[in-house]
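Here, each number is a calculation from the coordinates, and none is a lab measurement. Please read these numbers as outputs of a predicted model, since none were measured by experiment. As a convention, Cβ positions derive from the backbone with ideal geometry for all residues, glycine included, and neighbour counts pool all protein chains shown.
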Amino acid sequence: MKKILVVLVLGAILVTGTAFADHPEGSFGIGVQGGGGWSGGGGIYGGALTIKETVSPIFWAISFGGNYLGISGDVRFIEGALVDSINLHWYIAAGLYANFYVFSNDFGIGFGGQLPIGLSWHLLEFIELYFQAVPYIGVGAFFSRDSYGLDWGVGANIGLRLWF
């Protein structure tokens, strides 16, 4: 049953990835975001450079904080107008992430899946403000401690993206 559900979700992502986009098809977006959250290991914070290139439906983020560097890619599989008269939209996305952590004498990695849920407001056709909550779950390892386990938590981001 789990395999069938995964296949259905992936199929929905591939089929509807750009069907509900609230930005012009084939446009390029670049932006910055900041945020924080809570993980299984404690509080996290940082920023990111976000990129939506023209070729695929993937929204990329290169994130960084005091002790980590990460990359993620998300596809919005559900999008809709919340208040169409002011260009306020909502979305649900699914994606993958990989994070690299450095603490004093320790190095770790984490990778897994995430489910961004957010609001997107186009102030002008080329300026987007957004807020999203990002629950995630995956696996992580810290090598000098020989520690392995779940990498999980919830983040919250606010960002600004320019569309060209």
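Working note: Karplus 6.51/-1.76/1.60 with θ = phi - 60° gives segment 68-76 the couplings 8, 9, x, 9, 9, x, 10, 10, 6 Hz, where Gly and Pro are set to x. Over all other residues within a Cβ to Cβ distance under 15 Å of L115, the charged ones net out to -2, with Lys and Arg as +1 and Asp and Glu as -1. Computed from backbone phi, the HN-Hα couplings of segment 110-123 come to x, 8, x, x, 9, 9, x, 10, x, 10, 10, 10, 8, 4 Hz, rounded to whole numbers (Karplus: 6.51 cos²θ - 1.76 cosθ + 1.60, θ = phi - 60°; Gly and Pro given as x).
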